[in-house]
Amino acid sequence: MKNLIIPILFIASLILSCCNHDDEPVMDYYVRYTAIAKPNADVRMSFSTEPGKSKLIQTSMPDGKFQYSVGPVNKGFKANLVVSYESGGAVDFLTIEVARGSEPFVLKRSGKNYYDLEYIIE
């Protein structure tokens, strides 16, 4: 019987050591960028899509609202939004919102008559 207890304890310790209960589950985050400009005005919009990469859009919208979402991204992601009119000048309103997993988006940064916003997911 003693001969069985030691191997069982050894196997149990191996199994428990493989399981790290302190690990926080990896969560995906999603970022939504919004810019409000004058209707039908030509706008240049650049935003980060993943670490070290960005997307540039040059267009106009009938209602002046530009909205783009990116993700999934990880904690520590630097969300950056730069928007201006093609003719120069800041647009009316900018926002950066972040959603964790399937949770709703939460406003993290906003500004009126801004050229750019930045937020780092913590």
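The values are calculated or read from the model by the stated rules, or taken from the named source; none is laboratory data. Treat the numbers as computed from the prediction; the structure is a model and nothing was measured. So basically every Cβ, Gly included, is an ideal-geometry build from the backbone, and we count neighbours across all protein chains shown. Ligands, DNA and RNA are stripped out before the accessible areas are found, and what is left, the full protein with its side chains, is counted by its heavy atoms. Shrake-Rupley method; radii C 1.70, N 1.55, O 1.52, S 1.80 Å.
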Worksheet item: Restricted to region 40-98, and to residues that are surrounded by 13 or more Cβ atoms within 10 Å (Cβ to Cβ), over 21 Å from the mean Cα position of the chain (by Cα) and β-branched (Val, Ile, Thr), which residue is farthest from Glu122 (Cα to Cα)?
Response: Val43
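Quick check on my filter: what residues within region 74-107 are of a type in the set (Lys, Arg) and in contact with a Ser or Thr (Cβ under 8 Å, 6 or more places away or on another chain)? Quick ask: steps written out before the conclusion?
Applying the first criterion (of a type in the set (Lys, Arg)) to region 74-107 yields 75, 78, 100.
Of everything in region 74-107, just one residue is of a type in the set (Lys, Arg) and in contact with a Ser or Thr (Cβ under 8 Å, 6 or more places away or on another chain), namely Lys78.
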Worksheet item: Considering only residues of region 99-122 that are open to solvent by less than 30 Å² (accessible area, probe 1.4 Å) and within 21 Å of Leu56 (Cβ to Cβ), which is modelled with the lowest pLDDT?
Response: Gly111
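Do we find a residue being of a type outside the set (Phe, Trp, Tyr), free of Cβ contacts under 8 Å to residues at least 40 places away in the same chain and over 12 Å from Ala41 (Cα atoms) anywhere in region 92-101? Walk me through it before giving the result.
First, the residues of region 92-101 that are of a type outside the set (Phe, Trp, Tyr): 92, 94-101.
Narrowing the set further to residues that are free of Cβ contacts under 8 Å to residues at least 40 places away in the same chain leaves none.
Checked region 92-101: no residue is of a type outside the set (Phe, Trp, Tyr), free of Cβ contacts under 8 Å to residues at least 40 places away in the same chain and over 12 Å from Ala41 (Cα atoms).
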